[in-house]
Amino acid sequence: MSVNGEAVRPEAEADEPGWTVDPDDEWGVAVITTVGRQLRLRREAAGMRAAEFGAAVGYGEDLVYKIEGGKRIPRPEYLEKADEVLGAGGLLAAMREDVAKVRYPKKVRDLAHLEARAVELQLYDPLNVHGLLQTPEYARALLLMRRPAYTSDEVDRFIAARVARKAVFEREPAPEVSFVLEEWTLRRPLGGKAVLRQQLEHLREVSQLRNVELQVMPMDREEHAGLAGGIEVLKFDDGSAVGRSPAVGNGRPLSEPKQLRILELRYGIIRAQALTPRESGIFIERLLGET
């Protein structure tokens, strides 16, 4: 529909999944509340009613009130258009980065912050293709299989967060990243064979990056040091590190040298038991030929 010649988005879009604020995320609630207040104050200072402003930016009046009341996360294009309509000189549009982070679940956002600082990452997931390696399609298929089921809003938020975490591969200087993947996770066609093939092609592409070593643990190995669970070790430029594993500290972040030594010992043995990066590349090519 349109008002005064301007396209106005349907009110149903105000209830679209993925744009609500997690009430338990204090930082996220504070950001959206602040952004909403700034939008309302600038709109009122410009002498515009909510309906008039909504028509100008191309959204319904109800959505304007929800955003200004801190109930909805504004889209990037909403902030850009509001900045233009209200003559904010780029101040409203500049809020896009913080607003975008609010869409990511808090625990994922905290992990992404650590990954963004790390100079070396050692990663092993015995159950799935690691989140940093998942395509959006594979991630969606995986998330939809969770029981009890995630809501549509939660699925969209988790996918957005996983896509954003992949910025770790684009950093300069690039961190050194090591992955160990289980063969069975590369064979099970979660989401269908087309989704699996796309995932394998993505793994082949990532494995060719100079700062990435990707190894596959074959199913026929008679010895395996990773049966106790996944491992994550992140090392930082100042010499500190943080690790995590369900087998040590019940999955809580660990920074004590003794606990980190245990994780690194296990990860080193897992890598030694897996195929080499070159052998793993050949293995993935073979799987592609079978898919």
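The values are calculated or read from the model by the stated rules, or taken from the named source; none is laboratory data. These numbers were taken from a predicted model, which means no experiment stands behind them. Using ideal geometry, Cβ is built from the backbone for each residue, glycine included, and neighbour counts are taken over all protein chains shown.
Would you mind stating whether ALA118 is buried (at least 19 other Cβ atoms within 10 Å of the Cβ), of a type in the set (Gly, Ala, Ser) and in the same structural domain as ALA161 (by TED's automatic domain parsing)?
yes
May I ask you to list the residues in the range 76-100 that are touching a residue at least 40 places away in the same chain (Cβ under 8 Å) and more than 22 Å from ALA45 (Cα to Cα)?
Result: ASP98, VAL99, ALA100.
On the given criteria, is ALA161 buried (at least 18 other Cβ atoms within 10 Å of the Cβ), in contact with a Phe, Trp or Tyr (Cβ under 6 Å, 6 or more places away or on another chain) and not in a strand (DSSP E or B)?
yes
Take the conditions more than 25 Å from ASN211 (Cβ to Cβ), in contact (Cβ under 8 Å) with a residue 12 or more places away in the chain and not assigned by TED's automatic domain parsing to the domain that holds VAL21 and apply them to ALA141. Does it pass?
Values: more than 25 Å from ASN211 (Cβ to Cβ): yes; in contact (Cβ under 8 Å) with a residue 12 or more places away in the chain: yes; not assigned by TED's automatic domain parsing to the domain that holds VAL21: yes.
Spelling it out, ALA141 is indeed more than 25 Å from ASN211 (Cβ to Cβ), in contact (Cβ under 8 Å) with a residue 12 or more places away in the chain and not assigned by TED's automatic domain parsing to the domain that holds VAL21.
Looking only at residues in the range 147-158 that are within 17 Å of the chain's Cα centre (by Cα) and modelled with pLDDT of 85 or more, which one is surrounded by the most Cβ atoms within 10 Å (Cβ to Cβ)?
PHE158
Looking at (1) more than 16 Å from the chain's Cα centre (by Cα); (2) surrounded by fewer than 19 Cβ atoms within 10 Å (Cβ to Cβ), which one does PRO136 not meet, given that it meets all the others?
Condition not satisfied by PRO136: (1).
Across the range 70-83, what is the number of residues that are surrounded by fewer than 21 Cβ atoms within 10 Å (Cβ to Cβ) and touching a helix residue (DSSP H, G or I) at 6+ places or on another chain (Cβ under 6 Å)? Break it down stepwise before answering.
Going residue by residue through the range 70-83, those that are surrounded by fewer than 21 Cβ atoms within 10 Å (Cβ to Cβ) are 70-71, 75-77, 80-81.
With the extra rule that they be touching a helix residue (DSSP H, G or I) at 6+ places or on another chain (Cβ under 6 Å), the set shrinks to 70, 76, 80-81.
Residues meeting the conditions: 4.
Within the range 24-59, which residues are of a type outside the set (A, V, I, L, M) and in contact (Cβ under 8 Å) with a residue 60 or more places away in the chain?
ASP24, ASP25, TRP27, GLY28
For the range 101-118, how many residues meet the condition of being part of a helix (DSSP H, G or I) and in contact with a strand residue (DSSP E or B) (Cβ under 6 Å, 6 or more places away or on another chain)?
2
Among helices (runs of 4 or more DSSP H) lying entirely in the range 177-291, which contain 1 or more residues that are out of contact with any Leu (no Cβ under 9 Å at 6 or more places or on another chain) and crowded, with 16+ Cβ neighbours inside 10 Å?
Once the helices (runs of 4 or more DSSP H) in the range 177-291 are filtered for at least 1 residues that are out of contact with any Leu (no Cβ under 9 Å at 6 or more places or on another chain) and crowded, with 16+ Cβ neighbours inside 10 Å, what remains is 193-207, 257-273.
Which ones in the range 222-255 are over 16 Å from LEU121 (Cβ atoms) and touching a helix residue (DSSP H, G or I) at 6+ places or on another chain (Cβ under 9 Å)?
GLU223, HIS224, ALA225, GLY226, ALA228, GLY229, ALA247, VAL248, GLY249
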